[in-house]
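Written out below as structure tokens is the structure these notes cover.
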Amino acid sequence: MLEFESLINIPTPVIEIFEDLFVENDVKVFVKRDDLTHVHVSGNKFRKLKYNFIEAKNLGFKKILTFGGAFSNHIAAVAEAGLLFGFETLGIIRGDELNETSSPTLKFANQKGMRFKFVSREAYRNKADLAANFSSEYFIIPEGGSNHLALKGVSELLDEQQHPDYICTAVGTGGTMAGLLNNVNYKGEVLGFAVLKNGDFLKDDISVFLEKNFPENAELETRFHFGGYAKYNDELLDFVKVFELKHSFRLEQVYTGKMFFGVYQKIKEGYFKKGTRIMLLHTGGLQGRLSDL
Ligand SMILES: *Cc1c(COP(=O)(O)O)cnc(C)c1O
């Protein structure tokens with residue numbers, strides 16, 4: 001297997017972005033461009049896979065199995081990384097009515113050589129049982145790629161540049177936020193933005209990943225879900241449109257759009273102290289961006 005870093009663009013750059021809002025509130029805002037990790041599959045998903053793939057290789061596995069929905073960025077990332085690093089990949093997909101052309105994500109993963117097993121929503125709930133049938137041949141990575149090996153890969157990104165006072169990230173399963181909190185050298189704050197409704201349970205999930213209490217330098221903001229996972233409204237889409245007109249890169253409506261919206265709102269509310277350096281983690285996910293946004 002080729003060295004992981006040689007095939008993906010790590011370390012990723014950091015850029016400063018400018019708005020009157022930031023001047024008025026005396027904060028500096030930077031974006032960690034993890035959307036530039038790879039041309040197709042960007043962001044935190046590759047970070048989370050890195051040590052999983054290294055472990056799979058060290059244990060002698062040739063095949064990787066994982067789980068996801070029809071629009072999962074994780075499924076796309078595993079398919080692409082499997083092809084790059086020479087693993088066969090199998091995706092167990094939620095929904096037995098689906099096939100390999102049901103979504104752009106599944107089509108993409110299929111082109112990259114991933115094979116699928118489509119299971120009912122009931123069967124999908126019991127992933128341990130599903131995985132048991134394959135565990136001798138396949139290295140198993142959980143849904144969303146979040147496990148202890150993922151935390152290590154994510155935590156590294158903080159050391160690729162000077163530490164900010166705050167690092168902000170979108171939160172789906174909490175694996176990325178836990179990874180940031182897992183960096184022992186980082187003394188700043190980690191601010192997570194839940195992209196799903198009633199996200200308070202994610203604090204417990206993050207504690208489980210970290211194997212300790214939810215840390216004091218962490219905060220989970222749950223107001224900016226816009227109705228639930230993958231839901232959106234005109235206010236969110238307008239924010240993304242205006243942002244993209246002013247700046248040189250894109251956001252999407254599932255993760256990064258909600259997080260950026262939330263950070264702008266918190267700056268307006270005066271949440272950040274004067275002189276604060278805030279870094280927004282652009283986790284990528286642009287393969288899931290609405291094309292006619
Ligand atoms: C999966 C994903 C996240 C959320 O990461 P978690 O570790 O599941 O919290 C954030 N942004 C993008 C673009 C993603 O694909």
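The values are calculated or read from the model by the stated rules, or taken from the named source; none is laboratory data. Please read these numbers as outputs of a predicted model, since none were measured by experiment. Ideal geometry is used to build each Cβ from the backbone, glycine not excepted, and the neighbour counts take in all protein chains shown.
Among the residues of the stretch 142-157, those that are away from the ligand (no atom under 11 Å from the Cβ) and either outside any helix (DSSP H, G or I) or out of contact with any Leu (no Cβ under 8 Å at 6 or more places or on another chain) (or both) comprise His148, Leu149, Lys152, Glu156. The residues on offer are Glu55, Glu24, Glu88, Glu19, and the sole one that is without any contact (Cβ under 8 Å) to a residue 24 or more places away in the chain and farther than 15 Å from Gly144 by Cβ is Glu24. The residue that is surrounded by the fewest Cβ atoms within 10 Å (Cβ to Cβ), counting only those in the stretch 53-74 that are within 16 Å of the ligand (Cβ to nearest atom) and within 18 Å of Ala128 (Cα to Cα), is Gly69. Looking across the stretch 96-120 at every residue that is more than 23 Å from the chain's Cα centre (by Cα) and within 19 Å of Phe134 (Cα to Cα), the one that is surrounded by the fewest Cβ atoms within 10 Å (Cβ to Cβ) is identified as Ser120.
Taking Asp26, is it within 20 Å of Leu180 (Cα to Cα) and charged (D, E, K, R)? So Asp26 fails the test. Residues in the stretch 220-261 that are within 18 Å of Asp20 (Cα to Cα) and within 13 Å of the ligand (Cβ to nearest atom): 1 in all. Modelled with pLDDT under 95 and more than 13 Å from the ligand (Cβ to nearest atom), is that true of Ala81? The answer is yes for Ala81. Gly257 passes every criterion in (1) small (Gly, Ala, Ser); (2) part of a helix (DSSP H, G or I); (3) surrounded by fewer than 16 Cβ atoms within 10 Å (Cβ to Cβ) apart from (3). Checking each residue in the stretch 270-293 for being in a strand (DSSP E or B) and within 16 Å of the ligand (Cβ to nearest atom) picks out Met279, Leu280, Leu281. If I filter the stretch 92-115 down to residues being over 26 Å from Val171 (Cα atoms) and touching an Asp or Glu at 6+ places or on another chain (Cβ under 6 Å), which single residue comes out as farthest from the ligand (Cβ to nearest atom)? Across the stretch 92-115, the extreme among qualifying residues is Asn110. On the basis of being more than 20 Å from Glu160 (Cα to Cα) and not assigned by TED's automatic domain parsing to the domain that holds Ala77, does Val31 make the cut? Considered against the rule, which asks whether it is more than 20 Å from Glu160 (Cα to Cα) and not assigned by TED's automatic domain parsing to the domain that holds Ala77, Val31 comes out as no.
To keep it simple, each residue is scored yes or no on (1) closer than 17 Å to Asp34 by Cβ; (2) assigned to a loop (DSSP other than H, G, I, E, B); (3) not assigned by TED's automatic domain parsing to the domain that holds His163.
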| residue | (1), (2), (3) |
| --- | --- |
| Leu237 | no, no, no |
| Ser248 | yes, yes, no |
| Gln253 | no, yes, no |
| Tyr264 | no, no, no |
| Ile267 | no, no, no |
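Inspect all residues belonging to the stretch 160-177 and state whether any of them is under 18 Å from Val14 (Cβ atoms), part of a loop (DSSP other than H, G, I, E, B) and acidic (Asp, Glu). Yes, the stretch 160-177 contains a residue that is under 18 Å from Val14 (Cβ atoms), part of a loop (DSSP other than H, G, I, E, B) and acidic (Asp, Glu). Within the stretch 192-204, the set of residues being free of Cβ contacts under 8 Å to residues at least 60 places away in the same chain, crowded, with 17+ Cβ neighbours inside 10 Å and either near the ligand (Cβ under 9 Å from one of its atoms) or farther than 16 Å from Glu143 by Cβ (or both) comprises Gly192, Ala194, Gly199, Leu202, Lys203. Starting from residues that are under 15 Å from Phe214 (Cα atoms), aliphatic (A, V, I, L, M) and under 14 Å from the mean Cα position of the chain (by Cα), keep the ones in the stretch 166-183 and report whichever is farthest from the ligand (Cβ to nearest atom). Going through the qualifying residues, I end up with Leu180.
Results for (1) more than 14 Å from Val41 (Cβ to Cβ); (2) part of a loop (DSSP other than H, G, I, E, B), shown as yes or no for each residue.
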site: Phe67; (1), (2): yes, no
site: Glu80; (1), (2): no, no
site: Thr101; (1), (2): yes, yes
site: Phe118; (1), (2): yes, no
site: Ala131; (1), (2): yes, no
site: Ser135; (1), (2): yes, yes
